[in-house]
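The values are calculated or read from the model by the stated rules, or taken from the named source; none is laboratory data. It should be emphasised that the depicted structure is a prediction, and the values quoted were computed from it without experimental measurement. Here the Cβ positions follow ideal geometry from the backbone for every residue, glycine too, while neighbour counts run over all protein chains shown. Note: accessible area is taken over every heavy atom of the protein model, side chains too, but ligands, DNA and RNA are not part of it. Shrake-Rupley method; radii C 1.70, N 1.55, O 1.52, S 1.80 Å.
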Amino acid sequence: MRFWRKSGVRLHVGMLCVMALASLCFAGKNFVKPVARPAKSYPAHDDHADDKVAIAADPYDTAEKCKIFSINFSEYGFLPVFLIVTNDGDQPVSIANMEIKLITANHSKLTPSSLDDLSRRLSNPQANTNPTPLPFPVPHKKVKGTLSKKEMEEIESSEFAAKAVEPHTTQSGFLFFDVGGISSPLAGAYIDITGVEDATGKELLYFEISMKYLEGAEVNR
């Protein structure tokens, strides 16, 4: 009788350990936004030294980098781009009216997709009919008809949402460009940014971020 009692206690403790481990594993899959470095430290950036503002763009165009997401955005034709805005000045900078365009080599002008656009595409059963535009293979699976709460939270927490950048700080987040059907969208492309304003409301000169640095990296992929 004592043996069975001890065995029962061990089994109970073992089950608790398994459940705790499962909970930790599940928690580990939650999206964590990358910690942004100063914009000038990224290969693709434009630094306005006089204004003390720099903006960088870091495309998540490899399978390894995209592991931070639970959603396979490439499968749906989206290219995630991590945008970083650094203000090294002593006054805040407004980015509430910032406009961003990804301009491809064939002069296609792509604007970041809205939350509604993303939700609509990811919920559409036909969303994976476009050829994969990114330079790595992805598994094709049946597209679900709805987004889970976790997936929606991942999109909302990853998107670039800042409206201002305080002095000596950096704001960051992801933009999602619809590049479905575009072969090698980053080859010869650049990102054009306007609408950044100083503390007086004066618009700064436009920012132009070239993706040319990726041309050398293609050889090593």
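Rounded to whole Hz and in sequence order, give me ³J(HN,Hα) for segment 88-105 from the Karplus expression 6.51 cos²θ - 1.76 cosθ + 1.60, θ = phi - 60°, writing x for Gly and Pro.
These are the phi-based 3J(HN,Hα) values: 9, x, 9, 10, x, 10, 8, 10, 5, 9, 5, 10, 10, 9, 9, 9, 7, 4 Hz.
Which of the three applies to segment 37-125, rounded, prolate or oblate, going by the alpha-carbon gyration tensor with a ≥ b ≥ c and a/c under 1.5 meaning rounded?
On the way: a/c = 2.04, a/b = 1.79, b/c = 1.14.
Prolate, because a/c is 1.5 or more and a/b exceeds b/c.
Estimate the FRET efficiency between A49 and K150 by the formula 1/(1 + (r/R0)^6), using the beta-carbon distance for r and 35 Å for R0, to the nearest 0.05. Don't skip to the answer; put the middle values down first.
Numbers: r = 42 Å, r/R0 = 1.20.
The pair A49/K150 has a calculated efficiency of 0.25.
Ignoring ligands, DNA and RNA, how do R120, R37 rank by accessible area with a 1.4 Å probe, largest first?
Numbers: R120 150, R37 110 Å².
Greatest to least solvent exposure: R120, R37.
Which length gain, in nm to one decimal place, applies between Q91 and A199 when the Cα-Cα distance is subtracted from 0.36 nm times their residue separation?
Separation in residues times 0.36 nm, less the Cα-Cα distance, equals 38.3 nm.
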